[in-house]
Amino acid sequence: MTRFITRDYSPAIVGHLMDEGFSEPLARVLAARGIESADDLKPDWRAMLPPLSLMGTTAAARILADAIEAGKRIMVIADYDCDGATACAVALLGLREMGATVDYLVPDRFVYGYGLTPEIVELAASKKADLILTVDNGMASIDGVEKAKALGIEVIITDHHLPAEKLPAAACIVNPNTPGCDFPSKNLAGVGVMFYVLMALRAEFRARGRFDAANQPRLDALVDLVALGTVADVVKLDRNNRILVQQGLAKVRRGHTHPGLKALFEIAGRPSAQARVRDFGFVIAPRINAAGRLDLMTAGIECLISRTDDEAQHYAKILDDYNRQRRELELDMQWDAAMLLNKIDVTKRHTLALFEPTWHQGIVGLVASRVKESKHRPTIAFANAADGEMKGSGRSIEGVHLRDMLDLVTKKAPGIIKKFGGHAMAAGLTIDAHHFEDFSRAFESVVTENCDEEVFERHVYVDGDLAARDITPALVEAINGQIWGQGFLPPLFANEFKVLHQTVLKGGHLKLMLEMQGARFSGIFFRRSAQVPDVARLAYRPEINEWMGQKSIQLVIEQVED
């Protein structure tokens, strides 16, 4: 069952926003998201939370400054997703601007797994690392940090994932979610945390007299990469993150972006001058993520740190090829998942754990995400790994904190989960293959016992209805002029329509002709082949559709209420 819930808003604030020049529909949308005036939307660097307010940045800056001044070799240990790749690129480019000798390693996810493992530390030691700096990982790397200490290597952890009860004994941890950290924005992505460390390091060097306001590195030159990683990791776009994303998008649109990002826009056929948040999330990030899913993230990082257009285009082509392979694999695995789901009565389950022997480790997270969206159940998809193990990647729904549920499984059924980590909406884990059914039962049990039944009904939050006369290109342009993302979702309106005609297009998309208040609209319902009722309440986004040089309004249908 799918139920629409209209977001609350203050009519007084709507009136104020309209006085400031916003149309009534957009004023309503913004008020429902906590915006009280146009000033709240300005991408003002001065409104950023100060770097030294993030616990650990001062200590990290001092350790890094000492290492740079002593000529020590710094090794960045990155993660293999887009947030990790951008965080690594930001670390490398920023530290080199400050005089550091720095290199990087990315764990092969199929050999070393995730994070700073003892094996990765040994590899770093073989490359003569004096200081290890993790980006977008490290909070669970207790054994890795101990190994580094035993080898005389200092470790700075920069991460944003939720910590376990025991923290690694690193020289310094910078993570807004560390216990005791009162940094107001708990939503920084891994790349955002690294950006804050660089700002603190620059301030430390100013205090030491190495830089002044005139000759200090321009860290705002990195904000396009910070914006990309922030959007890609689907963190909440609070005020702080919105400023980073707005500044980064503006940089891309002006053409002042890194060669690698420019090359990725070009190979995707997207005009960077019209870059949107959706381009970061659905066009650029998948190409970078594909490298980490199918092979090593090295090509992604090398693309982002490229200094020349030729070098950037070389790596962008590699990433584009990876992405094509990823799409083909994902399509096959989605079909397998559909066959598995045909054997399950989803209405009688609160969770889904899926496995096929042929599935690829790097793609199971995408399968879990698709199934979660279609079935509205927390879903974990598994693939075979080495030594009789299985690796699972999970995605969750609002109201089911996935990492906490996995923690409860370890307490309810000790020994099933060998390793796990993540956050509320996404997590990963390792189990022995013979424990798959045991895990599936335990996962179902803890979620059933600890989550309210209403969580498993699909609630779609909408921004009320629109008058037919308000659905105009001007409204679409006004909506597209704002920064939307996780926690600051784009407008979704709901109206009752007469469905005059509907047909399934090649690719499994439903094309509709709709009527409302005497006006007709073209509609498209992506990834849906089942027809909707002749009269239906639909949740939709108005967009501009361009075909054969002609532009028209099209309603992109997201849900039908039933």
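The values are calculated or read from the model by the stated rules, or taken from the named source; none is laboratory data. Remember, it's a predicted structure, so these values are computed and weren't measured experimentally. Counting neighbours? That spans all protein chains shown, and the Cβs are built from the backbone with ideal geometry, glycine included.
Per-structure values
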item: Candidate set from the stretch 328-382 (those that are basic (K, R) and assigned to a helix (DSSP H, G or I)); member that is nearest to Y80 (Cα to Cα); result: R370
item: Index of the failed condition, M55 passing every other in (1) more than 30 Å from D103 (Cβ to Cβ); (2) in contact with a Gly (Cβ under 7 Å, 6 or more places away or on another chain); result: (1)
item: Candidate set: the stretch 520-544, residues that are of a type in the set (A, V, I, L, M, F, W, C) and buried (at least 18 other Cβ atoms within 10 Å of the Cβ); chosen: the one farthest from L489 (Cα to Cα); result: V532
item: Residue in the stretch 115-125 that is touching a helix residue (DSSP H, G or I) at 6+ places or on another chain (Cβ under 6 Å) and more than 25 Å from G292 (Cα to Cα) present; result: no
item: Some residue of the stretch 203-223 being more than 14 Å from A87 (Cα to Cα) and among the β-branched types (V, I, T); result: no
item: Residue match in the stretch 424-431 (condition: more than 22 Å from the chain's Cα centre (by Cα), in the same structural domain as A368 (by TED's automatic domain parsing) and closer than 17 Å to L352 by Cβ); result: yes
item: Qualifying residue in the stretch 250-258 (condition: touching a residue at least 40 places away in the same chain (Cβ under 8 Å), buried (at least 24 other Cβ atoms within 10 Å of the Cβ) and over 17 Å from D136 (Cβ atoms)); result: no
item: Within the stretch 320-343, considering residues that are more than 25 Å from the chain's Cα centre (by Cα) and within 13 Å of V364 (Cβ to Cβ), the one surrounded by the most Cβ atoms within 10 Å (Cβ to Cβ); result: D336
item: Every pair of residues 6+ apart whose Cβ atoms lie under 8 Å, when the first sits in the stretch 52-73 and is touching a residue at least 12 places away in the same chain (Cβ under 8 Å) and within 11 Å of M199 (Cβ to Cβ) while the second is part of a helix (DSSP H, G or I) and polar (S, T, N, Q); result: L52/T58
item: Breaking point among (1) without any contact (Cβ under 8 Å) to a residue 24 or more places away in the chain; (2) in contact with a Gly (Cβ under 8 Å, 6 or more places away or on another chain), for E165; result: (2)
item: Only one of A213, A189 that is free of Cβ contacts under 8 Å to residues at least 24 places away in the same chain and either in the same structural domain as T57 (by TED's automatic domain parsing) or under 18 Å from the mean Cα position of the chain (by Cα) (or both); result: A213
item: Answer residue from the stretch 355-365, given it is surrounded by fewer than 23 Cβ atoms within 10 Å (Cβ to Cβ) and without any contact (Cβ under 8 Å) to a residue 40 or more places away in the chain and is nearest to Y114 (Cα to Cα) among those; result: W359
item: Condition check for A290: surrounded by fewer than 19 Cβ atoms within 10 Å (Cβ to Cβ) and touching a Lys or Arg at 6+ places or on another chain (Cβ under 6 Å); result: no
item: Qualifying residue in the stretch 395-416 (condition: of a type in the set (S, T, N, Q) and crowded, with 19+ Cβ neighbours inside 10 Å); result: yes
item: Test result for G94, under 25 Å from the mean Cα position of the chain (by Cα), buried (at least 24 other Cβ atoms within 10 Å of the Cβ) and not in a strand (DSSP E or B); result: no
item: Test: D233 is outside the structural domain of E398 (by TED's automatic domain parsing) and surrounded by fewer than 24 Cβ atoms within 10 Å (Cβ to Cβ); result: no
item: Test result for R46, touching a residue at least 40 places away in the same chain (Cβ under 8 Å) and basic (K, R); result: no
item: Scope the stretch 1-30; condition in contact with an Asp or Glu (Cβ under 9 Å, 6 or more places away or on another chain) and of a type in the set (A, V, I, L, M, F, W, C); matching residues; result: M1, F4, I13, V14, L17, M18, A27, V29, L30
item: Counted residues, the stretch 289-327 - those being in a helix (DSSP H, G or I) and under 26 Å from G94 (Cβ atoms); result: 21
item: From the options G300, G292, residue that is touching a helix residue (DSSP H, G or I) at 6+ places or on another chain (Cβ under 8 Å), of a type in the set (G, A, S), within 27 Å of G485 (Cβ to Cβ) and at pLDDT below 95; result: G292
item: Filtered residues of the stretch 10-31 (kept if part of a helix (DSSP H, G or I) and buried (at least 20 other Cβ atoms within 10 Å of the Cβ)); result: V14, L17, P25, L26, A27, R28, V29, L30, A31
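Residue-wise test of (1) over 27 Å from the mean Cα position of the chain (by Cα); (2) among the acidic types (D, E); (3) modelled with pLDDT under 95.
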residue	(1), (2), (3)
E449	yes, yes, no
H459	no, no, yes
Q482	no, no, yes
Q486	no, no, yes
Q502	yes, no, no
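Per-residue answers, yes or no, for (1) of a type in the set (A, V, I, L, M, F, W, C); (2) surrounded by fewer than 14 Cβ atoms within 10 Å (Cβ to Cβ); (3) touching a strand residue (DSSP E or B) at 6+ places or on another chain (Cβ under 9 Å):
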| site | (1), (2), (3) |
| --- | --- |
| E457 | no, yes, yes |
| L475 | yes, no, yes |
| Q482 | no, no, yes |
| K498 | no, yes, yes |
| V504 | yes, no, yes |
| G518 | no, yes, no |
| Q550 | no, yes, no |
| V560 | yes, no, yes |
